[in-house]
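The structure appears right after this line, and notes come after that.
The values are calculated or read from the model by the stated rules, or taken from the named source; none is laboratory data. Model, not experiment: these values are computed from the prediction. Neighbour counts run over all protein chains shown; Cβ positions are idealised from the backbone, glycine included.
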Amino acid sequence: MGMTMAEKIVARAAGLPLVRPGEYVTVTPDYTVCQEISWSARKAIMQRAGCSKLARPERVVMVVDHTTSAGMGTPYYQAHREMRDFATEQGAHFFGAGSGLRHHMMTENGFARPGALVFSDEPNIATVGVVGALNIAMSSEVVVTQLSESNWMMVPRSVRIRLEGALPRGVMARDLVQCIIRDYAEGDRLAQACIEYCGSAIAGLSLDERQSLLACSYHAGADTALMPLDDLAMAYARARTGEAELPGLEADPDAQYDFEAVYDLSRLEPMITPPPALHLARPVTEFIGQHIDQACIGTCANSRMEDLRAAASVLRGKKIAGHVTLYVTPGSREIYAQASREGVLADLTEAGATILAPGCTTCWGYEGFLNAGEVQISTHQMNYNGRHGHQDARAYLASPLTVAASALRGVMTDPRSLTG
C-alpha cells in the first residue's frame, strides 16, 4: 500500500521508509516559524529550561506580524525588540514589523519548498502547501524543536477533496472554502487530518486562490492541507528558492484516504458567514440590504494581489458609502509594493479605503475595533462575538468581492450586481 503526499513528507523527515496514520514518529522539520505575540512566554520557557542556544538557527524563522506597530501603552514594543535581538544574536531569520504575515514570509523567501516539513505556531500556515510543504502546528512545542532539532508528531490522517468545474462570475475561492467549512466544521470528520486537494478545477485556480483555500482549511476541522505540485507551483517554487531542480511530490496511486469529497465549482455562489460560528455560511442573497459600518480586506485568507485587484475592480472610480470605514491590509511588503506599482492602492484609497501596514491588523482586533451594535463584513478568519471589539458587535465573513461591493453600497451586496 502506497503513501499519501503528507505521509511521504513525514516519512522523509523521520528517516523512515514508511509511515501510517496515527503513528507517533520523531521528525526533524526543515523549518520552524513563530510570531511575536507569544514570544515572551516562549523565551521564558527557554530560560526556565536553562537553554539559550538554538540548535539550527538557520532553520528558524521569526516574524513580527500580529502587532505591526508598537503603540504607546502596549507591551508589544518590548516583544519586537526582544525577538529582533534574539534572532540577531542566534543567527535566525527575522522579519520585523510591516514585513508581512509568516505565511507569506515562508513562501516568498523560499523557505517553503516541495517535500519540506514546517513546524509552526499556527495551523493557517498550511498555505505553504501551495508549493508542497507540510505545515504542522505545534503552539509552544515549537520551542522544543528550535532547541533540540527534532520533536515527535502524529502522522495525520489523509482525506481528499476533489474540485471540478470553474468558478462563476463574482465567485471566489473564499466562497468555496466557506462552503467546505459549512459542511465540516461542526463535526470531526477532518479532525487530525490533512486535506489533499485534487481535481481538474485546480489547474484553473491561481496560486493566490489555492493559498486562500489552504489558509482556511483548518477552520473546517483539518490539521493541515496540501495542493498538488503542478507546473505552475513548481515554477513558483524554483523562482523563490533559486534552485533549478526541485523534487516532485505526489501521492502513490494506491495511497489510502479516509474519504473523498467532491465540489463542483460551477454550482457555487457568493457566500456570507454570519456570527457567531464559522459553519453558518449561506448565500449572499439572504443578506442583501443589511446595514454595515465597517469593511475589511486582508488576513492570511485574502491579502494577496488577486484579492486586492478584485476589490479594486469593484471600487475603481467610485466612492464607498459615507458611513462605512474600509480597511485594506496587504499580506506582505512585496504585495504592498506590487499593488502600488499597479495603481491598485491608488484605486482603493481614492475610493475611501485606509491601507494598513502588512500583517494581521484587523483580523484579530488589533486595529479596527468595533463599538457596541456595529456591523463588520470582512475577509477575516473568525467571526465569534468579541473577536473584533465589543461583545455586542457583529462580524460577517465574505470574499473580497463581496466585501468591496458591500463597502460601496453601505449594505451587504451581491458582487454579481456590480461585476461585468
Scan region 343-367 residue by residue and report those that are within 15 Å of VAL403 (Cα to Cα), in a helix (DSSP H, G or I) and touching a helix residue (DSSP H, G or I) at 6+ places or on another chain (Cβ under 8 Å).
LEU348, ALA351
Return a yes/no flag: does region 258-272 have any residue that is touching a residue at least 60 places away in the same chain (Cβ under 8 Å), among the hydrophobic types (A, V, I, L, M, F, W, C), touching a helix residue (DSSP H, G or I) at 6+ places or on another chain (Cβ under 6 Å) and farther than 30 Å from ALA357 by Cα.
yes
Look through ALA185, ALA239 and report the one residue that is more than 22 Å from ALA310 (Cβ to Cβ) and touching a residue at least 60 places away in the same chain (Cβ under 8 Å).
ALA185
Conditions (1) closer than 26 Å to ARG102 by Cβ; (2) modelled with pLDDT of 95 or more -> VAL314 fails only (1)
Would you point out the residue of region 1-33, among those that are hydrophobic (A, V, I, L, M, F, W, C) and in contact with a Phe, Trp or Tyr (Cβ under 9 Å, 6 or more places away or on another chain), that is nearest to VAL61 (Cα to Cα)?
VAL33
Exactly one condition in (1) in a helix (DSSP H, G or I); (2) among the polar types (S, T, N, Q); (3) surrounded by fewer than 24 Cβ atoms within 10 Å (Cβ to Cβ) is false for SER158; which is it?
(1)
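Looking at this structure, is GLY165 at pLDDT 95 or above, surrounded by fewer than 20 Cβ atoms within 10 Å (Cβ to Cβ) and assigned by TED's automatic domain parsing to the domain that holds THR241? Walk me through how you get there before you give the answer.
Numbers: at pLDDT 95 or above: yes; surrounded by fewer than 20 Cβ atoms within 10 Å (Cβ to Cβ): yes; assigned by TED's automatic domain parsing to the domain that holds THR241: yes.
Judged against the criteria, GLY165 is a match.
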Those residues of region 242-260 that are under 25 Å from the mean Cα position of the chain (by Cα), of a type outside the set (D, E, K, R) and under 18 Å from PRO228 (Cβ atoms) come to a total of 6
Restricting the search to region 375-407, which residues are crowded, with 23+ Cβ neighbours inside 10 Å and farther than 24 Å from GLY359 by Cβ?
ALA405
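In the set PRO75, PRO57, PRO29, which member is over 22 Å from the mean Cα position of the chain (by Cα) and under 20 Å from MET138 (Cβ atoms)? Give the steps one after another, and end with the answer.
Working: PRO75 fails: under 20 Å from MET138 (Cβ atoms); PRO29 fails: over 22 Å from the mean Cα position of the chain (by Cα).
That would be PRO57, the only listed residue that is over 22 Å from the mean Cα position of the chain (by Cα) and under 20 Å from MET138 (Cβ atoms).
Residue by residue through region 216-237, note down the ones that are on the phi < 0 side of the Ramachandran plot and part of a loop (DSSP other than H, G, I, E, B). Outline the logic, then answer.
First pass over region 216-237, keeping only residues on the phi < 0 side of the Ramachandran plot: 216-220, 222-237.
If the condition is that a residue be on the phi < 0 side of the Ramachandran plot and part of a loop (DSSP other than H, G, I, E, B), then ALA222, ASP223, MET227, PRO228, LEU229, ASP230 are the ones that fit.
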What do you reckon, is ARG56 basic (Lys, Arg), touching an Asp or Glu at 6+ places or on another chain (Cβ under 7 Å) and closer than 21 Å to THR362 by Cα?
no
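Residue-wise test of (1) out of contact with any helix residue (DSSP H, G or I) (no Cβ under 6 Å at 6 or more places or on another chain); (2) under 19 Å from GLY115 (Cα atoms); (3) among the aliphatic types (A, V, I, L, M).
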site	(1), (2), (3)
TRP152	yes, yes, no
ARG157	yes, yes, no
LEU176	yes, no, yes
CYS179	yes, no, no
GLY199	yes, no, no
ASP230	yes, yes, no
MET234	yes, yes, yes
